[in-house]
Amino acid sequence: MSQKLIDAISDMREEEALELVSEMVESGAQPMAILDDVKAAMDIVGQRFEEGIYFLPELMLAGEMLNEIMEVVKPGLSESAAEERLGKVVIGTVEGDIHDIGKDIVSFMLNVNGFEVLDLGVDVPAQKFTEAIRDFQPQVVGLSGFLTLAFDGMKATVDAIKEAGLRDSIKIMIGGGQVNETIQEYVGADAYGRDAMAGVSLAKEWAKE
Ligand code: B12
């Protein structure tokens, strides 16, 4: 864990944070370890936002920093890119929620680990998921959401998939900030993944079935 990186991100020192990440990558740090530090920093940013110390501009800058850091870390993540395609995944951030950094990491990690990924973007209505399942024929569907509000969006999506008669043909995983097993049950998903690698493990397990 790099406390220096966590502090630089959470204190909004963008340039320093990027320099630190570049140095860490050059000195051989594990990309996933860097992402763990980023997550810890984002939790602090979120907390400060809740406490009224930070406002929307800081949230936006945090998002921007995250995207920039991802660009530096990505090449390291794709080094072990799989050659064979294991299966197909449709993923998106559910309706009402526009957070996409976590989803993009999951999407990217699925891709480099051998999955063909159709990423529907953010604020995706349930119907768009059902259409994509019909057209793209995935084995796995991933629903992302960072707002508490997104839990209802996830449930509505799972319900729409059921109503369209497509539920039995796919496995559904959910993830994002506050998601846990209780939310998984509420939503009616098959599993939840706490991070991108958990999502990859679930997809691999299901693609084998
Ligand atoms: C950056 C950020 C923003 C940026 C988003 C930029 C972007 N392009 O995504 C901006 C500024 C746009 C934003 C807006 C808002 N935000 Co905001 N935001 C954040 C912040 C600081 C970081 C989120 C993030 O990207 N984290 C980094 C990633 C990497 O997180 P991660 O959890 O490690 O991701 C992993 C897992 O979640 C998992 N995962 C994610 N998706 C999936 C999917 C599947 C299938 C699987 C298996 C796994 C998985 O894998 C990921 C990679 O390992 C969080 C605070 C926090 N602690 O997260 C608040 C936070 C999520 N935001 C919050 C709020 C309130 C808002 C706003 C409503 C603010 C406002 N008043 O307008 C708006 C929402 C607008 C909307 N309709 O969506 C609240 C939500 C509170 C709640 N309970 O609902 C939080 C928690 C802050 C807080 N503590 O108050 N936000």
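With n ≥ 4 as the cut-off for DSSP H runs, can you work out [θ] at 222 nm for the chain, using -39500 (n - 2.57) per run divided by the number of residues, rounded to the nearest 500? Please list the in-between numbers first.
Numbers: 9 runs with 120 residues, N = 209.
Helix-only estimate at 222 nm: -18500 deg cm²/dmol.
Post the alpha-carbon centroid distance, the range 33-75 to the range 107-169, in whole angstrom.
After rounding, the separation between the Cα centres reads 25 Å.
In sequence order, what are the phi-derived ³J(HN,Hα) couplings for the range 112-129 according to the Karplus relation 6.51 cos²θ - 1.76 cosθ + 1.60 with θ = phi - 60°, rounded to whole Hz, with x for glycine and proline?
5, 9, x, 9, 8, 10, 9, 9, 8, x, 10, 6, 8, x, 3, 4, 5, 5
Give, as a single signed number, the net charge of other residues whose beta carbon lies under 15 Å from the beta carbon of Ser27, with Lys and Arg counted +1 and Asp and Glu -1.
That works out to -3.
May I ask you to give the percent of accessible area on the chain that is carbon plus sulfur, with a probe radius of 1.4 Å?
Details: 5370 of 10740 Å².
Carbon and sulfur: 50 percent of the exposed surface of the chain.
Summing +1 for each Lys or Arg and -1 for each Asp or Glu, what net charge is found among the other residues whose Cβ lies under 12 Å from the Cβ of Ile172?
Spelling it out: positives minus negatives among the neighbours equals +1.
Rounded, prolate or oblate: which fits the chain when a ≥ b ≥ c are the square roots of the eigenvalues of the alpha-carbon gyration tensor, with rounded for a/c under 1.5 and prolate only if a/b beats b/c?
Oblate is the answer for the chain, as a/c is 1.5 or above yet b/c matches or exceeds a/b.
With Cβ to Cβ distances under 10 Å as the rule, what net charge do the other residues near Asp119 carry (K, R +1; D, E -1)? Show your work: numbers first, answer last.
On the way: positive: Lys103; negative: Asp100, Asp104.
Local net charge: -1.
So for each of 187-196, 22-31, 89-98, 158-167 I average, over its residues, the number of other beta carbons within 10 Å; can you give me the resulting order with the highest mean first?
Details: 187-196: 19.2, 22-31: 13.8, 89-98: 24.1, 158-167: 15.9.
Per-residue Cβ counts within 10 Å, averaged per peptide and sorted highest first, yield 89-98, 187-196, 158-167, 22-31.
The values are calculated or read from the model by the stated rules, or taken from the named source; none is laboratory data. Fair warning: this is a prediction, and the values are worked out from it, not measured in the lab. Methodologically, a virtual Cβ is constructed for each residue, glycine included, from the backbone with ideal geometry; neighbour enumeration extends over all protein chains shown. The protein model used for the area step is the full one, side chains on, heavy atoms only, and it has no ligands, DNA or RNA in it. Shrake-Rupley method; radii C 1.70, N 1.55, O 1.52, S 1.80 Å.
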